Amino acid sequence: MVRSLLLAVVLLGWLGAPSLQAADSPPNILFFMSDDQRNDTLGCAGHPIVKTPQLDRLAENGVRFENAFVSHSICWVSRMTLLTGLTARSFGRTDRPDSAKPEVSKVLYPDRLHKAGYRTGFYGKWHTKFPEDFKPEDHFDEFEAIHRNPYLKEQADGTMRHETELIGDRAEAFLDKQPSDKPFCLTLWFNAAHAEDRDKEPGSGHYPWTKATDGMYEDVAMPEPKLNDPAIFENHPDFLKTSINRERYFWRWDTPEKYETNLRAYFRLLTGIDNVVGRVVKKLEEQGLADNTIIVYIGDNGYFMGNRGFAGKWLHYDESLRVPLIIYDPRQPKEDRGRVLSELAVNFDLTPTFLDWAGLKIPKSYQGKSLKPLLEGSSEKWRNDFFCEHVTLAPKITWEGVRGKRYKYARYFDQEPVYEFFHDLNSDPDELVNLAESPEYAELLEKYRKRCDKLVKKYGGPLGPIEDRVSTLYPREKREQVNKKKRQ
């Protein structure tokens, strides 16, 4: 509690700190990204348990998007979308739709910012699938991939340091060396709160937390997962009931003991991120960089956390696609701060936004829209829907669809026949009722099918047969699936 209050005081001081940079210089950009964090797991989003005072303060003095999403819910695809401004359907190869074509490495936001005079840095979880000759260190002034497994890294003196805290260490060192006459873009991507996937046994090893969060939430009762009724799980088609989402449910969430132990550990990881955000904010203030630094915080994808009887992400439901997004711009007028925007924001919107802040031309290839007008209070027309998909060939769950303000359409196209979902999010916000076979919705369903077809064509076209696509994530299951089709 004392730690959180101290960091809050630091942040309050920072919000009014004098800057050593010229008032008319391009803004610095500090970009945080968490892993496997659903949109509602923040104090400012109303979560009753998890403590995130630093992020709450940023939201209070900035803008929070309550309808922020990713276009593809898995770690490396989300990262590549942010770097390239493209959906997986557009940046991916035909044989490996989650792996980048060589040419897309020419439109990365750090390169554009560097050419414009920005000092660029990256620390944390890289985890992308660019061509083999791609060297990420060539695209940043300072780069260090702090690999995801294990969380605890042995240091030169024999001590152990948590990945989350190492990212904070590197960020502080980067800012210590920041010249006052040059803007920077510092990208900090956490592995937290991703589970240690190699650990399949009960216990706290799934989510190793930072030392600073030891003991947190121990005396707090963990509520049962939302949508925990077994009938909700049973109502799914068989291919989802036997998918990787169900397999991993038994690793972490299927008993009260596992669930409570792992959820507490997961929350500690999130609070660990929040602590590091506070550390970096303090360093900004110390270096006189605070009042010209825009801070962005987003998650790379959602997380089921036992909801619906599932683990992981990957599926079309909002628990999988919806993420936190906070943007704090100290240059904003006070009357524009503390807003919660309802517009549909997608992760590929950040890429053009970064360039827009820097005053740069946005490449025509970028598929998102700059969020800058929304942040400035513009009433310009915004999107009504967006294209979303999962194409990594995880067994049985490749799909494409359209998420609109009211309706959501998804089709799992590697099923025979194709399996469709259609949800009315107004009457059914939990997406429990599939209206795809309802005669009453037939006309509207057809409209969304055509809308999906149009977006698929716009972003790169339909994917070929599964036999023509190669899975590097699940090679054994892919071979079994292909061999089964051949036997038929």
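Whenever a residue of segment 388-401 is on the phi > 0 side of the Ramachandran plot, its partners that are part of a loop (DSSP other than H, G, I, E, B) and of a type in the set (Phe, Trp, Tyr), lying with C-beta atoms within less than 9 angstrom and at least six residues away or across chains, give the pairs Leu393/Tyr474. Here Ser342 qualifies as surrounded by fewer than 21 Cβ atoms within 10 Å (Cβ to Cβ), touching a residue at least 60 places away in the same chain (Cβ under 8 Å) and either touching a strand residue (DSSP E or B) at 6+ places or on another chain (Cβ under 8 Å) or in the same structural domain as Pro324 (by TED's automatic domain parsing) (or both). Summed over segment 368-396, the residues that are closer than 16 Å to Asp98 by Cα and outside any loop (DSSP other than H, G, I, E, B) give a count of 4.
Of all residues in segment 84-95, one or more are at pLDDT below 95, out of contact with any helix residue (DSSP H, G or I) (no Cβ under 6 Å at 6 or more places or on another chain) and of a type in the set (Asp, Glu).
Within segment 30-55, being assigned to a loop (DSSP other than H, G, I, E, B), over 15 Å from Gly302 (Cβ atoms) and touching a Cys at 6+ places or on another chain (Cβ under 8 Å) holds for one residue alone: Thr52. Is it the case that some residue within segment 352-367 is in contact with a Leu (Cβ under 6 Å, 6 or more places away or on another chain) and either aromatic (Phe, Trp, Tyr) or not in a loop (DSSP other than H, G, I, E, B) (or both)? Yes: one or more hits.
Sub-6 Å Cβ pairs linking a first residue in segment 174-195 that is under 12 Å from Thr120 (Cα atoms) to a second residue that is among the small types (Gly, Ala, Ser), at least 6 apart or interchain, are Phe174/Gly121; Leu186/Gly121; Leu188/Gly124; Leu188/Ala171, ordered by first then second residue. Restricting to segment 78-108, and then to whatever is under 17 Å from the mean Cα position of the chain (by Cα) and part of a helix (DSSP H, G or I), can you tell me which residue is surrounded by the fewest Cβ atoms within 10 Å (Cβ to Cβ)? Filtering first and then ranking leaves Arg79. Taking the criterion of being in contact with a helix residue (DSSP H, G or I) (Cβ under 9 Å, 6 or more places away or on another chain), assigned by TED's automatic domain parsing to the domain that holds Cys452 and among the hydrophobic types (A, V, I, L, M, F, W, C), would at least one residue in segment 398-405 satisfy it? The answer is yes, given that some residue of segment 398-405 is in contact with a helix residue (DSSP H, G or I) (Cβ under 9 Å, 6 or more places away or on another chain), assigned by TED's automatic domain parsing to the domain that holds Cys452 and among the hydrophobic types (A, V, I, L, M, F, W, C). Against the test of being modelled with pLDDT under 95 and either within 23 Å of the chain's Cα centre (by Cα) or not assigned by TED's automatic domain parsing to the domain that holds Lys241 (or both), the options Glu416, Glu420 yield a single qualifying residue, Glu416.
Is there any pair with a first residue in segment 144-161 that is closer than 18 Å to Trp126 by Cβ and a second that is of a type in the set (S, T, N, Q) and assigned to a strand (DSSP E or B) whose Cβ atoms are under 9 Å apart and which are 6 or more apart or on different chains, and what are they? Short answer, once both residue conditions are applied: none.
The values are calculated or read from the model by the stated rules, or taken from the named source; none is laboratory data. Note that the structure is a prediction, hence the values are computed from the model and not measured. Note that we place each Cβ from the backbone using ideal geometry, even for glycine, and neighbour counts take in every protein chain shown.
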